[in-house]
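Here's the structure, in structure tokens; my notes come after.
The values are calculated or read from the model by the stated rules, or taken from the named source; none is laboratory data. Just so you know, these numbers come straight off a predicted model, no measurement behind them. Cβ coordinates were reconstructed from backbone atoms using ideal geometry, including for glycine residues, and neighbour counts include every protein chain displayed. These accessible areas exclude ligands, DNA and RNA; they are computed on the full protein's heavy atoms, side chains included. Shrake-Rupley method; radii C 1.70, N 1.55, O 1.52, S 1.80 Å.
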Amino acid sequence: MSSNSFAYNEQSGGGEATELGQEATSTISPSGAFGLFSSDMKKNEDLKQMLESNKDSAKLDAMKRIVGMIAKGKNASELFPAVVKNVASKNIEIKKLVYVYLVRYAEEQQDLALLSISTFQRALKDPNQLIRASALRVLSSIRVPIIVPIMMLAIKEASADLSPYVRKNAAHAIQKLYSLDPEQKEMLIEIIEKLLKDKSTLVAGSVVMAFEEVCPDRIDLIHKNYRKLCNLLVDVEEWGQVVIIHMLTRYARTQFVSPWRQGDVLEDNEKDFYDSDEEQKEKADKRKRPYAMDPDHRLLIRNTKPLLQSRNAAGMFEPYLKSFYVRSTDATMIKILKLEILTNLANEANISTLLREFQTYVKSQDKQFAAATIQTIGRCATSITEVSDTCLNGLVCLLSNRDEIVVAESVVVIKKLLQMQPMQHGEIIKHMAKLLDSITVPVARASILWLIGENCERVPKIAPDVLRKTAKSFTSEDDLVKLQILNLGAKLYLTNSKQTKLLTQYILNLGKYDQNYDIRDRTRFIRQLIVPNEKSGALSKYAKKIFLAQKPAPLLESPFKDRDHFQLGTLSHTLNTKATGYLELSNWPEVAPDPSVRNVEVIELAKEWTPAGKAKKENPDKKFYSESEEEEDSSESSSDSESESGSESGEDEEDDRSGDSAEDSGESGSEPEAGKGRAATRSRARGRGDSKDVDKEKENSKTSESSSGESSSIEESSSDSESESESESESESRKVTKEKEKKTKQERNPLTKDVSLLDLDDFNLVSTPVALPTPALSPSLIADLEGLNLSATSSVISVSTPVFVPGKTHVLLHRMSGKGLAAHYFFPRQPCIFGDKMVSVQITLNNTTDQKIENIHVGGKKLPMGMQMHVFNPIESLEPAGSITVSMGIDFCDSTQTASFQLCTKDDCFSVNIQPPVGELLLPVAMSEKDFKKEQGMLSGMNETSTTIIAAPQNFASSVILQKIVNVANVGVVPSGQDNIHRFAAKTVHSGSLMLVTVELKEGSTAQLIINTEKTVIGSVLLRELKPVLSQG
């Protein structure tokens, strides 16, 4: 590397200084271009040699420099052949940079880009999902029409890929292909329809974006996926949430009736003018029909509600008020937008601070911004009545400003404010009348004249004199001012005709011959109205009421108020004009379309794969993100779960004896890809449970039949907890049927009778499994159990005793906030007694006062959808300085969402929160190294996350790693035959999904941390928490 770098510096003619000099020359004179070109040629030759090197480090360095050249705007297209050769490199970092380069030059160098098509086609079959996705991304970025069929084929294959990340990129590629060749629309719609059925949150946002780009009018594609998208919304990334909300908003406007229709109900005495009594009765009946919100409409609103961070939108920004203060370097548009934000955030608490800030803005050299600030002060005065007088006095002070624009804007705003309370501000009107001689801006002069005319009876001495002065300058005034002079003359003629009669007639004569026809028309209208003659009609009697009628106070509104007809968050809403591609929201339908189109039938599909004689169990993957009401049955009594697991044990043994293992594998293969791992896990768990039971029967041949009927295996009950619970009546009827079948089978085959009795396992969930010696089995029994794991170790999903670590205590309620009641909580890492899906939480309550605290209990609960909580029994009283520990159970649904509730006493209620660390959502699992490797192999690809850890060698001792990991997560230790690999296993409390943690020590002071789990979100969070803990000393 050093020799290459040295050669590069020599060839470039003296290093960086020469290169900079050449660049400077090239910008000054054309003659310098040749020198720069020759230097580039030399550098590119050097880069080509590095790209052809056998060392990955040299290639990586070359690619970094090439991408750097592209970033600086230099042309690197001649390196295309040398770069393409490295597209098949095994180094991921090199491949990434090669892909960046190819995306940049693929469209410019179409002929050269076509050379790499076959390479990308091979990369689409790569076992690494990142490579497959990157290849598809680059392929779709090559804007060459000739490869459209290849792109279409690649997108089709990627849309069926096992990796959600690749399917996500397939959705992105759909938009690119559609923009390249719109004629492929129908085929792309088929792919979109397929991807819309995808249950991965990673894919949802991307495919909806593709839907919006390609076929936004195909609402029929959304019907079957509507409820799924609503339920996925909270877990999709932010970009996808915005896209999905926009689409679902448009969908709701076409499928549901308006929720505001209840406001259309007629009053009892109200009647349309032309309607008969019968028609009126029909309309009233129709309108008074009570509005019932569609359940699907409610589902959308309920699932978007958690996305709101605060009920008061302004409340989110109040702590950051100063962040919106205007800077002198801001553009005028940015300044005005900041003013709008500050106005919306203004309240009684911060208005004094904002007004001081606004005083500074008024002095700005930017006249447009200064004028907007004055308007803002007026809006604050109208919205916060407590500061109306302060704002008005401040604006009056601005009337003496040297800047004419500031004075004019102040006059306009004062006029609007005075309209709201004219009785109190006669002095201000007099002061403004004096300013009429110095103010020249037409709008300001017109505003002063209007104010004097409206209040002419309150200033009887000043108003005639103002009319006299304006009559002199009438011919030279602006048209807007002339109209207000005419109005002032008419009002004074009606209220003070002795002083102003002749003056008004003079002004009317001037207006009669004015060049502007509006002024001429106004003059004729006023003359006929206020000067009575034989031609005057009856209207002249009401002239005073017409001219001096009470005027409604103006509403000071935001300049951005007219944006509400564009959908919030769109480009059109930001620009306040309809942008290309904007889809307008349709009107609510009068009658809602048939809601049954959103019903999805998934039960019938499972029946096809149910073997004869086997009771059907619903596939848990079919109900993705189920509603809370679907999970109500999860807390069945232990006796029901035991009887059901016992019956399942019998049916599994019958399947095994009749050689149905192939059929079982077919069933697991028919499930969606996301459920393959779990289905296979359950199948093996049952198989190993049976083999273990056989061993126990051989060793404990005198075990009574009654005891075997009472117990059930742990792994089977955990398997049941994953599947959806069935009703008690169904479980009882199944139990009777299965018992009859068992008896018939036992009479036919004595040997299988021994096997079928074995439902024994460790009943205590936290006991450590004991390894039993494997006894000799008869050949017939081996044949019957062929294909099952006969290892003597425990089953995959058997819970083990947690490794002891000191409990970490968290503050639930501080004694100051709780008025003397203090509460702390910790996670004891034991299975919860209130439910097998719940996490056990222990709360310690302390009375720090000198008085007894009575009736301590849990009040209102605010839990996210699906989360459940089993509260502690109310505590009658807690003595002074007393302490008590109580237990609770919370089903966090395998997420770190906060459980919010109220901790109440006899007199007060305090809002508290419990947020679990991700490591407390797990239960330790005991398994062998062989089982661990098998499960890890099945949880590869998208289910695997890894990172590199750098730490001192002493931190990688076995005891140190064990202590650090169990401190963070409740995992069990898996025996390992290799000193440099440490394995840990656990399962999630709610769903029972496996969580496999591997720490593999590398050379030097590095190690690789790998986590395999179906729950990728929890896995990535756990990875982020473990990495700093393992890295630090």
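Among the trypsin sites (Lys or Arg not before Pro) in region 208-261, those placed in a DSSP loop whose Cβ has at most 16 other Cβ atoms within 10 Å are R218.
Cβ-Cβ distance of Q419 and N393, R₀ of 22 Å, FRET efficiency by 1/(1 + (r/R0)^6): the value works out to about 0.80. Counting Lys and Arg as +1 and Asp and Glu as -1 over every other residue whose Cβ lies under 14 Å from the Cβ of V362, the net charge comes to 0. Using a probe of 1.4 angstrom, how much of the accessible area of region 810-916 is carbon and sulfur, in percent? Solvent-exposed carbon and sulfur of region 810-916 make up 46 percent of the total.
Cross-link list K55/K176; K197/K1015; K415/K469; K96/K930; K228/K1015: which exceed 27 angstrom alpha carbon to alpha carbon? Spell out each step's value before the answer.
On the way: K55/K176 36 Å; K197/K1015 20 Å; K415/K469 21 Å; K96/K930 35 Å; K228/K1015 18 Å.
Over 27 Å Cα-Cα: K55/K176; K96/K930.
Contact order for region 411-500, expressed relative to its length and based on alpha carbon pairs under 8 Å spaced 6+ residues apart, stands at 30 percent. If R0 is taken as 56 Å, the Cβ-Cβ distance between K367 and V597 corresponds to a FRET efficiency of 0.45. For region 139-176 versus region 193-210, the inter-centroid distance based on Cα atoms is 14 Å. Between D294 and Q567, the contour length at 0.36 nm per residue exceeds the Cα-Cα span by 96.0 nm. Taking the average, over residues, of other Cβ atoms within 10 Å as the packing measure, peptides 538-550, 1008-1020 rank 1008-1020, 538-550 from highest down. In region 55-122, inverting the average of 1/r over every pair of distinct C-alpha atoms gives 12.0 Å as the Kirkwood radius.
Average accessible surface for region 440-559: 57 Å² per residue, computed with a 1.4 Å probe over protein heavy atoms with every protein chain in place. When you count the other C-beta atoms within 10 angstrom of each residue and take the mean per peptide, 94-104, 955-965, 573-583, 969-979 line up highest first as 94-104, 969-979, 955-965, 573-583. Once you divide the Cα radius of gyration of region 109-255 by 2.2 N^0.38 Å, the number left is 1.05. Rolling a 1.4 Å probe over the protein heavy atoms leaves M69 with an accessible area of roughly 30 Å². With a cut-off of 10 Å between beta carbons, the residues surrounding K491 carry a summed charge of -1, where Lys and Arg count +1 and Asp and Glu -1. Loop-resident GluC sites (Glu not before Pro) (DSSP state other than H, G, I, E or B) in region 447-486 with no more than 14 further Cβ atoms inside 10 Å of their Cβ: E457. When the pairs K199/K862; K430/K482; K934/K964; K64/K1027; K416/K498 are compared against a 23 Å limit on Cα-Cα distance, K199/K862; K934/K964; K64/K1027; K416/K498 fall above it.
Extension gain for K85 to K72 (0.36 nm times residue separation, less C-alpha to C-alpha distance): 2.3 nm. According to the calculation over all Cα-Cα pairs in region 810-916, the P(r) per 5 Å bin from zero is 2, 13, 24, 26, 17, 11, 5, 1, 0 %. Here the peptides 182-194, 919-931 are ranked by packing, the mean other Cβ count within 10 Å, and the order with the highest first is 919-931, 182-194. In region 793-943, taking the dipole from charged Cβ atoms about the Cα centre, the farthest positive-side position among S911, F872, H810 is held by H810.
Taking a Cβ cut-off of under 14 Å around R815, the surrounding Lys, Arg, Asp and Glu residues balance to a net charge of -1, with basic ones at +1 and acidic ones at -1. Solvent-accessible area of region 920-1031 (1.4 angstrom probe, protein heavy atoms only): carbon and sulfur portion equals 53 percent.
Of H824, H814, which has the most accessible area with a 1.4 Å probe, and how do the rest follow in descending order? Numbers along the way, then the final one.
Working: H824 60, H814 95 Å².
Reading off the accessible areas and sorting them downward yields H814, H824.
With labels modelled as points extended 7 Å from the Cα through the Cβ direction, what inter-label distance (nm, one decimal) is found for V1029 paired with L435? In this crude label model, V1029 to L435 measures out at 6.8 nm.
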